[in-house]
1. Go over the candidates 206, 185, 172 one by one and state the one that is free of Cβ contacts under 8 Å to residues at least 40 places away in the same chain and within 11 Å of the ligand (Cβ to nearest atom).
2. Under the condition of being among the hydrophobic types (A, V, I, L, M, F, W, C) and in contact (Cβ under 8 Å) with a residue 40 or more places away in the chain, which residue from the range 19-28 is surrounded by the most Cβ atoms within 10 Å (Cβ to Cβ)?
3. Could you please let me know if residue 200 is in a loop (DSSP other than H, G, I, E, B) and loosely packed, with under 14 Cβ neighbours inside 10 Å?
4. List, please: which pairs have Cβ atoms under 6 Å, are six or more places apart or on different chains, and start with a residue in the range 219-238 that is of a type outside the set (Lys, Arg) and end with one that is surrounded by 15 or more Cβ atoms within 10 Å (Cβ to Cβ) and assigned to a helix (DSSP H, G or I)?
5. Could you say whether any residue in the range 141-160 is away from the ligand (no atom under 12 Å from the Cβ), buried (at least 20 other Cβ atoms within 10 Å of the Cβ) and not in a loop (DSSP other than H, G, I, E, B)?
6. Would you point out the residue of the range 251-279, among those that are within 15 Å of the ligand (Cβ to nearest atom) and modelled with pLDDT under 85, that is nearest to residue 147 (Cα to Cα)?
7. I'd like the full set of residues that are within 23 Å of the chain's Cα centre (by Cα), part of a loop (DSSP other than H, G, I, E, B) and surrounded by 15 or more Cβ atoms within 10 Å (Cβ to Cβ), limited to the range 304-330.
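The values are calculated or read from the model by the stated rules, or taken from the named source; none is laboratory data. Please read all numbers here as calculations on a predicted model, not as lab measurements. In this analysis, Cβ positions are derived from the backbone assuming ideal geometry, glycine residues included, and neighbour counts consider all displayed protein chains.
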Amino acid sequence: MELQELKAQALAGLEQTADLEGLEAWRVRFLGRKGPLSQFLRSISSLPLEERRLQGESANRVKSSLQDAWQSRRESLRLAQVSTSQSGADISLPGRPMPLGRLHPITQTFRDICAAFQSLGFEVVEGPEVEWDYYNFEALNIPPGHAARDMFSTFWVDYTDDKGGHPMLLRTHTSPMQVRVMEKTEPPVRVVVPGQVFRYEATDATHEAVFHQVEGLAVDENITLADLKGTLYEVARLLFGEDRKARFRCTYFPFVEPGVDMAIDCAMCRGEGCRVCSGTGWLEILGAGMVHPNVLSRVGYDTQRYTGFAFGLGVERIAMLRHGIDDIRLFFQNDLRFLRQFR
Ligand code: YSA
């Protein structure tokens, strides 16, 4: 039989195969060792060399195109068999897209805040959420019985160790990390500390019992309140843009002298006064000040040589101001309609 005729016949037969058994019979018939192609290749061995080469090449071309056709027929029969199998799964259908999650808006805000401070040379460090009374209060110039402890309604942890027990708590702010960092580092210090904090407080539109802060600390020679204000104004500009107003006011924290708080004009009412800003037009975002000399000397720093500034910034408040969110509780209700709005 002529090679091209053989090829046409084989391909027509391949189209007729209805299942994998039929396909195997086809393979044995046309491509097997006793099939016409193998016989043809054997028969040309007695031809003169040039003739044998030409005939051999054409036969091999036909053979490899039949092999390709066999392979693709096998694939489509296999697919058809699986898609109609008992499992009922049709694997020839397009796949279902895997829904991708995204970062929680508070995580996004954490990252933006840390990136802003990193661009100014601050390093990011983290610390424990269950803390000793010593770091949360005492080392911050708040001894037992000090009235300032009332500013931080505390969740105490029932814990005693073999030395008789030291009071432990869920940290009420990220400030204990100021002390932990200074104990381990010689100035100059420039760190920010993102973290979760806990207060035994009723919730409302701007307060949660579990919320997030970013602490900041810079200690060096010749650091002044002007450095504190310059740094925080620059970060406010990076986070909120040029056209937002920032305000500093004096306030009291035992671990700073002097102490300030910083507020940004309310995103909801643009300073008119609303329930989010309690009618003031401003939302407080952080407490700050010049680190008290008692705090510096307790960790062994030379207070004649070194001064420093520190701040503790409320992450939810920043997110609320940036996105115009009027209730802090929305962040923690896991409502996807809310969460999907962010990036
Ligand atoms: C002050 C001086 C320093 O040298 C360093 C840090 C500080 C801040 C201090 N540790 C502190 O926690 N101050 S604060 O109680 O006023 O809280 C700081 C910020 O956290 C507030 O400005 C506010 O933005 C946010 N915040 C406070 N209580 C909150 C809250 N956010 C949500 N829910 C609450 N219950």
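1. Details: 206 fails: free of Cβ contacts under 8 Å to residues at least 40 places away in the same chain; 185 fails: within 11 Å of the ligand (Cβ to nearest atom).
Of the residues listed, the single one that is free of Cβ contacts under 8 Å to residues at least 40 places away in the same chain and within 11 Å of the ligand (Cβ to nearest atom) is 172.
2. Taking the range 19-28 first, the residues among the hydrophobic types (A, V, I, L, M, F, W, C) are 20, 23, 25-26, 28.
Pick out the ones that are also in contact (Cβ under 8 Å) with a residue 40 or more places away in the chain and you get 20, 23, 26.
Numbers: 20: 13, 23: 16, 26: 21.
This residue is 26.
3. Numbers: in a loop (DSSP other than H, G, I, E, B): yes; loosely packed, with under 14 Cβ neighbours inside 10 Å: yes.
Criteria met by residue 200.
4. Taking only residues 6 or more apart or on different chains, the pairs are 235/116; 238/116.
5. Taking every residue of the range 141-160 in turn, none turns out to be away from the ligand (no atom under 12 Å from the Cβ), buried (at least 20 other Cβ atoms within 10 Å of the Cβ) and not in a loop (DSSP other than H, G, I, E, B).
6. Filtering the range 251-279 for residues within 15 Å of the ligand (Cβ to nearest atom) gives 251-267, 276-278.
Filter again for modelled with pLDDT under 85, leaving 267, 276.
Values: 267: 34, 276: 28 Å.
This residue is 276.
7. Looking only at the range 304-330, we keep the residues that are within 23 Å of the chain's Cα centre (by Cα), and these are 312-325, 328-330.
The next check asks that each one be part of a loop (DSSP other than H, G, I, E, B); those that pass are 324-325.
Hit for the range 304-330 is 325, nothing else.
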